[in-house]
1. Can we say residue 185 is loosely packed, with under 13 Cβ neighbours inside 10 Å, closer than 23 Å to residue 55 by Cα, modelled with pLDDT of 95 or more and of a type in the set (A, V, I, L, M)?
2. Mind listing whichever residues of the stretch 157-178 are over 17 Å from the mean Cα position of the chain (by Cα) and either within 29 Å of residue 52 (Cβ to Cβ) or of a type in the set (A, V, I, L, M) (or both)?
3. Can you find a residue in the stretch 86-104 that is within 17 Å of residue 40 (Cα to Cα) and touching a Pro at 6+ places or on another chain (Cβ under 6 Å)?
4. Every residue in the stretch 49-58 that is part of a helix (DSSP H, G or I) and either surrounded by 14 or more Cβ atoms within 10 Å (Cβ to Cβ) or among the polar types (S, T, N, Q) (or both), please.
5. Please work out which one of (1) more than 24 Å from residue 31 (Cβ to Cβ); (2) small (Gly, Ala, Ser); (3) out of contact with any Gly (no Cβ under 7 Å at 6 or more places or on another chain); (4) in a helix (DSSP H, G or I) is the condition residue 193 fails and give its number.
6. Suppose we filter the stretch 125-137 for residues that are under 13 Å from residue 99 (Cα atoms) and surrounded by 14 or more Cβ atoms within 10 Å (Cβ to Cβ); how many remain?
7. Sort out for me the helices (runs of 4 or more DSSP H) sitting completely within the stretch 59-156 that have 2 or more residues that are under 24 Å from residue 48 (Cβ atoms) and basic (Lys, Arg).
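The values are calculated or read from the model by the stated rules, or taken from the named source; none is laboratory data. Only a predicted model underlies this, so the values are computations on that prediction, with no experimental measurement involved. So basically every Cβ, Gly included, is an ideal-geometry build from the backbone, and we count neighbours across all protein chains shown.
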Amino acid sequence: MKRILINFAHPALSRSKINKKLLFAIKELPDITINNLYDNYPDFIINVEREQKLCETHDIIIFQHPFYWYSTPSIIQEWCGLVLEHGWAYGAHGHALKNKFLLHAISTGGEDSTYSSQGSNIYTIDELLAPFKAMAKLCRLNYLPPFMVMGMHRGLSDSKIQEYTEDYKRMLIALRDETIDIQKASKSKYMNSNLDSLIKR
């Protein structure tokens, strides 16, 4: 079994429509640690040693967050800048994250169709996440496509929100229990594009 670390960042969680429900659905799952960055570091003074130890003791690292200006909330950028030290995460002697997995769980206001060369956001999600793919390569992490919840600005029905929460939980359990086809998942657009096809029976 794999241990999963969720680095969660939402600066306005009380107004969240989806992230609160995603967290509630998974909070009791064994071997999954929810690391709420804004709760733990309201002053942005990040305990690097604590964060590095969390990474070392988990096999899969997930950044869960809303898409803020085509990227992450600022505390995740701060986390990356401080925690991923040379000699620990990368460099000739930086092997702490080698062969672990990295992915995002992202909510967006726009529909999937807006993230294309023909859409209002011009770039695809994959293109906008390119810096994190490069970071993963530098740190010898295995990068996986994101889990996406899209179209929040137009509103999602209760049934659709429930579908997303159930899929998120199923994905995490499959990653934890190593019942997901990693090779096939790595070629998917999103982890939840066709989740049933990725989970081994």
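1. no
2. If the condition is that a residue be over 17 Å from the mean Cα position of the chain (by Cα) and either within 29 Å of residue 52 (Cβ to Cβ) or of a type in the set (A, V, I, L, M) (or both), then 161, 177, 178 are the ones that fit.
3. no
4. Taking the stretch 49-58 first, the residues part of a helix (DSSP H, G or I) are 49-56.
Passing the criteria: 51, 52, 54, 55.
5. Tallying (1) more than 24 Å from residue 31 (Cβ to Cβ); (2) small (Gly, Ala, Ser); (3) out of contact with any Gly (no Cβ under 7 Å at 6 or more places or on another chain); (4) in a helix (DSSP H, G or I), residue 193 fails exactly one: (4).
6. 1
7. Details: elements: 74-83, 125-128, 130-138.
Ranges flagged: 130-138.
Residue-by-condition table, conditions (1) at pLDDT 95 or above; (2) under 13 Å from the mean Cα position of the chain (by Cα); (3) under 23 Å from residue 156 (Cβ atoms):
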{"position": "4", "(1), (2), (3)": "yes, yes, no"}
{"position": "12", "(1), (2), (3)": "no, no, yes"}
{"position": "31", "(1), (2), (3)": "yes, no, no"}
{"position": "44", "(1), (2), (3)": "yes, no, no"}
{"position": "47", "(1), (2), (3)": "yes, no, no"}
{"position": "58", "(1), (2), (3)": "yes, no, no"}
{"position": "61", "(1), (2), (3)": "yes, yes, no"}
{"position": "76", "(1), (2), (3)": "yes, yes, no"}
